[in-house]
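These notes are about the structure you will find just below.
The values are calculated or read from the model by the stated rules, or taken from the named source; none is laboratory data. In this text the structure is predicted, and so the values were computed from the model without any measurement. All Cβ positions, glycine included, derive from the backbone under ideal geometry; neighbour counts span all protein chains shown.
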Amino acid sequence: MDFLALFGIYVAVVLTCIALVCKYSGHQQTPLGRLFDSVTRVVSPWIPQCLKSICYRAMHRLFHQRNNLFLNVHLLLEIAVYAEFSFEIFGFCLEMGTSLISLCVPYILLALKSYVFYLCCSRDPGTLTKGNHTAQLKVYQYDEKLFQKGIRCPTCDLVKPARSKHCRVCNRCVQRFDHHCVWVNNCIGAQNTRYFLLYLVSVCAMAGDISVLIADMLVHTVVRTGLLHAQYLDEQGQQQPVGPLFIIQHLFLTFPRIVFMLGFLVFVFFLLAGYSLFHMYLALVNQTSNEWFKGKGHRCQHGYSHSGQQCRTTYNPFRGFYHRGILKNLGEILWPLCPVTKKDN
């Protein structure tokens, strides 16, 4: 069962890469980020100091300075997936009776994703400047919990508007700051959150659609070859019916690249599906991921804080201070508030 060991290594490498991204891209509180912290603490005493320094400098350059590495990795993975789909899977699916319309859907999703990806990368997320600073101060009220009046950004030397944050990667303050996304090499803020949500949904749809087409092709292959009813001789010379592991091994040896790609796409789909649902929830309650993580220390349940002291006002853990109703919250994502418009609560 060498193929299972190889696939296990493949999954471990993918999980490690995802954990690194979670750890060093501003999402340290994610489960994979915490797992990476735990593993790092265990293995750290065994790593030479010189290697630690090299790794630290490399990680700092990758995750704390703007660069196109992950953007290019994203494009290369996309090219690899679509090249395999176009030159191998497309023909197999046609032979097995899959409709041409179904096979064209991934390309339509690719066109949509490419457009919103470009907008997400190129559009200004809502940078605060001296020219628009005064107007931006009037957009959102201060909740006096996560955002207090009079706090000045030491780098930009500007009073921080409510919901803004200084991005250390881009070295700028961003209105309604959500997070810095290394995959688009840009901050996600008031002006491009809608494109980011469309980007997540489109990538998730691409991965899911291609996964379904590949799975359908492999199932048809198994059925047509009669593998479900096949038998093999065991070590005692007795005939035994093939099981799921035998079928998986056969498919892996027959279509190694396709099976690997299916595993990768399924993993990406479930990862992005969870991430997309989280950001959709935040959009519905008018929160940002920055406010979600910062608000953990301020949330009170049943009128008590985490320290056990009674709160003067109960903080609803399911919606933030800026919640105005689902329709208005979604409208604010699609049509960001004008800088001269004061937000009602």
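Summary table below
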{"read-out": "Enumeration of residues in the stretch 86-107 that are in contact (Cβ under 8 Å) with a residue 24 or more places away in the chain, closer than 16 Å to Arg257 by Cα and under 30 Å from the mean Cα position of the chain (by Cα)", "value": "Glu88, Ile89, Cys93"}
{"read-out": "The listed residue being modelled with pLDDT of 85 or more and either under 23 Å from Ser164 (Cβ atoms) or surrounded by 12 or more Cβ atoms within 10 Å (Cβ to Cβ) (or both), out of Phe293, Phe267, Phe252", "value": "Phe267"}
{"read-out": "Flag if Ala190 is assigned to a loop (DSSP other than H, G, I, E, B), aliphatic (A, V, I, L, M), without any contact (Cβ under 8 Å) to a residue 40 or more places away in the chain and closer than 19 Å to Asn286 by Cα", "value": "no"}
{"read-out": "Residues satisfying the stated conditions in the stretch 279-299, i.e. in contact with a helix residue (DSSP H, G or I) (Cβ under 8 Å, 6 or more places away or on another chain) and under 19 Å from Leu334 (Cβ atoms)", "value": "His279, Met280, Leu282, Ala283, Leu284, Val285, Asn286, Gln287, Thr288, Ser289"}
{"read-out": "Residue in the stretch 47-58 that is within 29 Å of Leu334 (Cα to Cα) and either modelled with pLDDT under 70 or surrounded by fewer than 12 Cβ atoms within 10 Å (Cβ to Cβ) (or both) present", "value": "no"}
{"read-out": "Filtered residues of the stretch 121-152 (kept if in contact with a Leu (Cβ under 8 Å, 6 or more places away or on another chain) and either more than 18 Å from Leu337 (Cα to Cα) or among the polar types (S, T, N, Q) (or both))", "value": "Cys121, Lys130, Gln136, Arg152"}
{"read-out": "Enumeration of residues in the stretch 185-197 that are surrounded by fewer than 23 Cβ atoms within 10 Å (Cβ to Cβ) and under 12 Å from the mean Cα position of the chain (by Cα)", "value": "Leu197"}
{"read-out": "Residue in the stretch 167-174 that is in a loop (DSSP other than H, G, I, E, B), over 28 Å from the mean Cα position of the chain (by Cα) and surrounded by fewer than 18 Cβ atoms within 10 Å (Cβ to Cβ) present", "value": "no"}
{"read-out": "Single residue of Val169, Val219 found to be at pLDDT below 90 and under 25 Å from Leu75 (Cβ atoms)", "value": "Val169"}
{"read-out": "Residue check, Phe92 more than 27 Å from Lys294 (Cβ to Cβ), assigned to a helix (DSSP H, G or I) and aromatic (Phe, Trp, Tyr)", "value": "yes"}
{"read-out": "Check on Gly150, farther than 30 Å from Cys93 by Cα, buried (at least 20 other Cβ atoms within 10 Å of the Cβ) and small (Gly, Ala, Ser)", "value": "no"}
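This table checks each residue for (1) among the small types (Gly, Ala, Ser); (2) surrounded by fewer than 16 Cβ atoms within 10 Å (Cβ to Cβ); (3) closer than 21 Å to Met217 by Cβ.
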| site | (1), (2), (3) |
| --- | --- |
| Phe85 | no, no, yes |
| Phe90 | no, no, yes |
| Gly97 | yes, yes, yes |
| Ile101 | no, yes, yes |
| Cys104 | no, yes, yes |
